[in-house]
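The block underneath contains the structure these notes are about, expressed in structure tokens.
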Amino acid sequence: MMTTLDIFADPTCPWCLIGKAELDHALETRPDHPFQLNWHPFRLNPNLPPMGVDHVDYMKAKFGDEAGIIAANKPVLEAAERLGLWINMAAIDRVPQTLDAFRLLHWAGIEGAQTRVMSGLMRAYWREGKNIADHQVLAQIGQAAGMDPDMILRLLASDADRDEVLAREAHARERGIRSVPTFIIGDTHVVTGAQPAALWQQIIDELDAAAADEAPV
């Protein structure tokens, strides 16, 4: 029996990157897991201008001086190293507005490519330092996930599904979601933050055990 795992995450959120890596590891160790992953829009910085802001200016505004920035980055980089992730902070030039990235993720959901697209968005931003508000970059990410890049560019040039994505984000906030990553299991249980793979493995094992108990003899 499949169980929905609704994930609210922003690809520019470092703890969303860490949380996804932990979840990915758990799913790899449990290939018969019951989860059906659904990614939902929730912008970390909804008030950013369309093409974002300078990364250094953003970090200074948020964390103050260089010492504050280093202190804020330290646990993220330590977690990334433990998980074997490569975060290239020096390559990040801008903090983008992620509305169009979430439009791409919305279309990816129609084509069954959401997780591949989210992986591509995170890789482009955190490893390659690309501006994931740029339409060409988004088209390339979609193409790598098996989508039609020309179609993506045509849709991005319009307002297609912009209101839909904004409405879904507003609905999430109305439901009480205030931070990312947030996971909702089976539309019932809420898990917040970048949880370790061991927790996800335990949850999967408990779901499997419950399903076995409910199976007809």
- Item | Verdict on residue 143 being assigned to a helix (DSSP H, G or I), within 23 Å of residue 24 (Cα to Cα) and over 15 Å from the mean Cα position of the chain (by Cα) | yes
- Would you point out which residue out of 169, 174, 206 is at pLDDT 95 or above, among the acidic types (Asp, Glu) and touching a helix residue (DSSP H, G or I) at 6+ places or on another chain (Cβ under 8 Å)? 169
- Query: Only one residue in 141, 177 is in contact (Cβ under 8 Å) with a residue 40 or more places away in the chain and open to solvent by less than 30 Å² (accessible area, probe 1.4 Å), so which one is that?
  - Reply: 177
- Query: For segment 154-171, which residues satisfy the criterion of being among the aliphatic types (A, V, I, L, M) and touching a His at 6+ places or on another chain (Cβ under 6 Å)?
  - Reply: 156, 165
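The values are calculated or read from the model by the stated rules, or taken from the named source; none is laboratory data. Remember, it's a predicted structure, so these values are computed and weren't measured experimentally. Here the Cβ is made from the backbone with ideal geometry for all residues, glycine too, and neighbour counts use every protein chain on show. These area figures cover heavy atoms from the full protein model, side chains too; ligands, DNA and RNA do not enter into them. Shrake-Rupley method; radii C 1.70, N 1.55, O 1.52, S 1.80 Å.
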